[in-house]
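Down below is the structure, laid out as structure tokens.
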Amino acid sequence: MDATSVVAAISGNIATVGYGLAAIGPAIGIGIVVGKTIESIARQPELAGRLQVLMWIGIAFTEALALIGIATYFIFVS
Amino acid sequence: MTDQQPDRPETESTASRPVPADEARAPQQSSGPSSNLVLKSALLWGGLLALAIAVVASVVGGLVAGGVGVVSALIGTAMAVVYLGITAASILLANRFTASDLFVGIFFGIVLGAWLVKFVLFIVVAILLKGQPWVNPQVMFLTMIVGVIGSLVVDVVVVLRSRMPYASDTRLPGGR
């Protein structure tokens, strides 16, 4: 038996899988950021302004990674 | 039917509650959460940074790939800065509904909805721009990365330099 026998094969553009992988991290990150912000505002509504700014910074960093991940489409599918 | 109390004298309910008149005015007096100033400042500085990056990247792109490089650098800068600025803009938009009873739902609906739509648009733009003869993918990709990292640096600097008081959104019974 060949140790490297192929049990599954993909045909088509592998970059689609790359987008899927690039979407997992930001989705989890945004969920955590927004969920924690909701928790915090529910606890201390008077801090809503500060918490919004912190949430915005968190979202910015999370989505930056996603943007770069999706933008690799320009490089790797050329 | 049980909540109607016709035997309560009307003067008592009005005389013992002098506050509601002030409370009713309070939402109109407040100009939204205290984060608005920080977000507006970040948008302003992000725009200035975009101009600077566009100029530098256009020069570099022009030297590397000619006119195609200039166009690619401009598109890359615009994509990076616009897509990062949409978050702050969506928060500013959502903060207009502070007085609403459904503010939390509206806020996260607008912010996360804008986030979702933004990524769909980003993918569509990427597909449309792919393979165009007037686009240099390398120049666009590198410009986009520079724009994204530059925007993050500007955001962090703006937040670090901002002065936000603790308990800034407290609404006291006196209507303040």
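Computed quantities for the displayed model
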read-out: Enumeration of residues in the stretch A:66-78 that are assigned to a helix (DSSP H, G or I) and either touching a Ser or Thr at 6+ places or on another chain (Cβ under 9 Å) or facing chain B (nearest Cβ under 8 Å) (or both); value: A:Ala66, A:Leu67, A:Ile68, A:Ile70, A:Ala71, A:Tyr73, A:Phe74, A:Ile75
read-out: Residues within the stretch A:26-65 that are more than 7 Å from chain B (Cβ to nearest Cβ), buried (at least 17 other Cβ atoms within 10 Å of the Cβ) and small (Gly, Ala, Ser), tallied; value: 2
read-out: Subset of the stretch B:93-113 [over 19 Å from A:Glu46 (Cβ atoms) and more than 10 Å from chain A (Cβ to nearest Cβ)]; value: B:Leu93, B:Arg96, B:Leu102, B:Gly105, B:Ile106, B:Gly109, B:Ile110, B:Gly113
read-out: Set B:Val81, B:Val38: member being in contact (Cβ under 8 Å) with a residue 60 or more places away in the chain, in contact with a helix residue (DSSP H, G or I) (Cβ under 8 Å, 6 or more places away or on another chain) and under 27 Å from A:Thr16 (Cα atoms); value: B:Val81
read-out: Selection within the stretch B:88-130 - hydroxyl-bearing (Ser, Thr, Tyr) and part of a helix (DSSP H, G or I); value: B:Ser90
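A short reminder: the numbers here are calculations on the coordinates, not readings from a lab. Being a predicted model, the structure only gives us computed values, none of them experimental. When we count neighbours, we look across all protein chains shown, and the Cβ atoms used for this are built from the backbone with ideal geometry, even at glycine.
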